[in-house]
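**Student:** Take a look at this one; I'll ask things after.
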């Protein structure tokens, strides 16, 4: 076995140390175990990641193969992310001591067993039973780790836990239908888990809490760098300000055009126009039967795939599939509108993604005949599903499993403009672009809020909106900006802020990725202008992007240069989110 193979095996061993990650990746190990939430386990993971980082750094100078060099860099980045995540400090103490996450940690692995595990029901129910039996011990270990948790995070955890009885009831019903042999034990385990969760909530609510969530500039810079983003915080903030100015100008131009088209008053606001379009292009739902919305999404997904195939816009591999379903209640607090669960990266067979839609009467106006096609562009084909199912077929374990948010989100937000340019919406292109630009306004606010939540520096909230930020609660100031940028309801805004506060560095990845992907595409077009036609440039760019696997866009740039046999010269481009 070579030194590189030893490194790859050490990387995979580290990934498989977490039972939930095993299920997520499709590894048939530790399926009946809950993760160990104790501080001792977290420190052991940190130590293993530090050893992996040292191993990667020592090996890199000895390698000559381009792809092994690149994968070694990715392994080092992955190790740095784990080290940083476990070492991150908040209020002078480890953030882990202030982050209650029982609901999510317990439920997500069990949910994977229900939804993405292809084994027979009895085997999966055995694993679920085992995990449920471990819940009381898990909760005691987590409580022992916690000290003065963040108040907002306490609320998030408790809200998630409040949705678990409904989830557990669905598991009980499934077991009854399957005539599960250990049904009595399962029922007992569910009852014991629910009682333990109630006691956990009571103990958690009784703890002293803090509203302080900021980790400081230095830690924020470390997070951005560990994600492979080679930009300073101030450069990222500048991208957001530029994006906001440009996008607001585009929205205003489209508003004027559409107001005239629909015969509305010239002073009709963007918000009123959005409401008019939502009503004019609403999906018909009777008796609050939200399955009708799911059915419409499924139909649009099929139409979209046909559109892509007929124009040969993207390579569509065999062996991929996508399911669309309503977000389960226990997951709704962290998925305010929709999300996509990618195929297990290390499982063979058909690579299947699951698209979740959070549906309610309040949110119904967001699911329209204008919004649904662009939602499926983002989450399905040619968006997250196509990108991540293709990556799951890459021969490199690292390229299949590496998490690169700005690579994934940059790809999908770029596509929202690109597919409209290809004529996806026909005569409704202006309407679709208008509502898409309004929706995409959130990614500028996400940058500002992410930087503010990390650093505590309110200046980062200034991205061009006329909003005053003077609240004592960081969530109040963040909500003001998000509502000003998007028009979200207060409830929707607060749901968004839940995950912004916990997934540090992820919210800013949408706009940063969008900028980096457009820049990469422009540089590729300029480098191939003499050899490829415009349609050929698009196809080749999409092919290389998709078939190279997961990595930060800065690393992907080196792949393009390697394919072309020459470096890609970076243009001094000062635009964002436009082709």
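**Student:** Please order 447, 154 by the number of other Cβ within 10 Å, starting at the fewest.
**Tutor:** 154, 447
**Student:** Starting with the fewest neighbours, write out 157, 188, 473, 530 ranked by other beta-carbon atoms found within 10 Å of each beta-carbon.
**Tutor:** In increasing order of surrounding Cβ atoms, one gets 530, 473, 188, 157.
**Student:** What is the distance in Å between the Cα centres of the range 430-458 and the range 225-289?
**Tutor:** Each part's Cα centre sits 10 Å from the other's.
**Student:** Antiparallel as a % of all DSSP beta bridges within the chain, to the nearest 5?
**Tutor:** The answer is about 45 percent antiparallel.
**Student:** In whole angstrom, how far apart do the alpha carbon centroids of the range 95-165 and the range 350-382 sit?
**Tutor:** Here the answer is 26 Å between Cα centres.
**Student:** May I ask for the Rg/Rh ratio of the range 261-357, computed from Cα atoms with Rh as the Kirkwood radius, given to two decimals?
**Tutor:** Rg/Rh for the range 261-357 comes to 1.07.
**Student:** Going by how many other beta carbons lie within 10 Å of each one, how would you line up 378, 542, fewest first?
**Tutor:** The fewest-first ordering by Cβ neighbours comes to 542, 378.
**Student:** Would you compute, from DSSP H runs of 4+ residues alone, the mean residue ellipticity of the chain at 222 nm, taking -39500 (n - 2.57) per run and dividing by the full residue count, rounded to the nearest 500?
**Tutor:** So the helix-based figure for the chain works out to -20000 deg cm²/dmol.
**Student:** Right, something else. Beta carbons within 10 angstrom, averaged per residue: use that to sort the peptides 558-564, 314-320, highest first.
**Tutor:** 558-564, 314-320
**Student:** Considering the range 464-561, what Rg and Dmax in Å follow from its alpha-carbon atoms?
**Tutor:** My reading of the Cα-based Rg and Dmax gives 19.1, 58 Å.
**Student:** For the range 3-206, just run the numbers: alpha carbon Rg, then divide by 2.2 N^0.38 Å, N being how many residues it has.
**Tutor:** 1.16
**Student:** Taking just the alpha-carbon atoms of the chain, what radius of gyration and Dmax come out, in angstrom?
**Tutor:** Cα only, the chain: 23.7, 73 Å (Rg, Dmax).
Coordinate-derived values only; no laboratory data. Computed from a prediction, not measured in an experiment: that's the story for all the values here. With ideal geometry, Cβ positions are generated from the backbone for all residues, glycine too; neighbour counts draw on all protein chains shown.
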